[in-house]
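First up is the structure itself, then whatever we jot down about it.
The values are calculated or read from the model by the stated rules, or taken from the named source; none is laboratory data. In this text, all values refer to a predicted model and were calculated from it rather than measured experimentally. Methodologically, a virtual Cβ is constructed for each residue, glycine included, from the backbone with ideal geometry; neighbour enumeration extends over all protein chains shown. Ligands, DNA and RNA are stripped out before the accessible areas are found, and what is left, the full protein with its side chains, is counted by its heavy atoms. Shrake-Rupley method; radii C 1.70, N 1.55, O 1.52, S 1.80 Å.
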Amino acid sequence: VGNQIVCLICNKRTTLKSELKTHSYILLLADIDNCYKRQVAGNLKCFGCEALASQRCLSCNENYCQQHSDFHVRSKATSHHKVLSFQQILKAPLLISTIRREEPCQAHPSKHLEFFCYSCRVSLCTLCALSDHKSCSVEELTAAISTLKKKYDNIKPAYTRRSYNISKLQSKLLNSLSQIESDGKSAIASVLDVTDKVTRQLRQKESTVNHQIENHRKDCQADVRVLQSIVEEKISNIESGLEFVENVFDHWDPFEVLTIQHEIIDRLRELAEDEGAQHGRKPEPYPIGDGEDERKAIVHAIRQLCNLDNVSDDPFPCGNVG
């Protein structure tokens, strides 16, 4: 509608900024289809007479009856023309693109386009070439096509090599991407495996240390109970000794007291001495070890698991771990 076209898929209207140029092949095929419909309706006249046209010359784009189409083919000037029925053309429409047609000049309809102007980039008839384009670079259409084909043939090997090299490069890139993806998956799997091994080793170490701490705790509790028993015995001895001395002073005769004074003094001195160290040992904290030794042990375990030679001796560079 006007300068708008409608999309056949979504029915959306689009405004054209400039007029579209229709391909001559499409126009010619549409004209042949229209002529066939007029032939079926019986109102398509022959170019040379008033008879019904049934044939089409694809070289000069004219419609003929059977008599004039036979004459057209037998004529020496047009014997090379391709004359077919409308049905034959519509059944094989690609035939149109393989036949060299004599297009009429827009400025001189009686003349056919035979030249090409490189300066103005338009096709010309003989009159146009001799009048309006005398100072331009003009060449006969067949020669222009041959020149273009030669340029294409000269460029084709380089283009083919370039295309081949690009295809090889694309293949290498795809292989590289595939290798990178495979290496990435392998690296992730290796990291997960190492992490799992290190985690299991650390858990085993944790379980061993916890077991050792529990055993040491039990040993310390036993030592404390022994020391507690010794202390209670000492307290009982001291209390009984003091009770005996008080009874001696309270109930014994002074002469009797003086008789055993040396035994009393020795016994009091014996009770007054600290003999706790001789009857038991002081409980000590469990020797978990120095933080540096523990880190070295963990690093050594990781090396054994992963067989990594570049593991740092200090896996905790931010500070010591207590």
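A few remarks follow.
- Lysine pair count for the range 88-219 (Cα-Cα distance under 25 Å; residues 8 or more apart in sequence or on different chains): 7.
- In a DSSP loop and with at most 13 other Cβ atoms within 10 Å, the trypsin sites (Lys or Arg not before Pro) in the range 94-197 are R100, R121, K134.
- Among Y64, Y36, the sequence by solvent-accessible area, most first, with a 1.4 Å probe is Y36, Y64.
- Shape annotation for the range 164-204: C-alpha extents along the principal axes are 59, 7, 5 Å, from largest to smallest.
- When the surface is traced with a 1.4 Å probe over the full set of protein chains, I166 keeps roughly 90 Å² accessible.
- Only protein atoms count toward the accessible area here, which uses a 1.4 Å probe; on the range 137-198, the carbon and sulfur part of that area reaches 61 percent.
- Set of lysines with alpha-carbon distance to K45 below 16 Å, sequence-local pairs under 8 removed: K37
- Coupling constants for the range 207-216 follow from the phi torsions by the Karplus curve (6.51 cos²θ - 1.76 cosθ + 1.60, θ = phi - 60°), and in residue order they are 5, 5, 5, 4, 5, 5, 4, 5, 5, 5 Hz; glycine and proline get x.
- Candidate lysines for bridging to K234, where Cα separation is under 21 Å - those fewer than 8 sequence places away on the same chain excluded: K282
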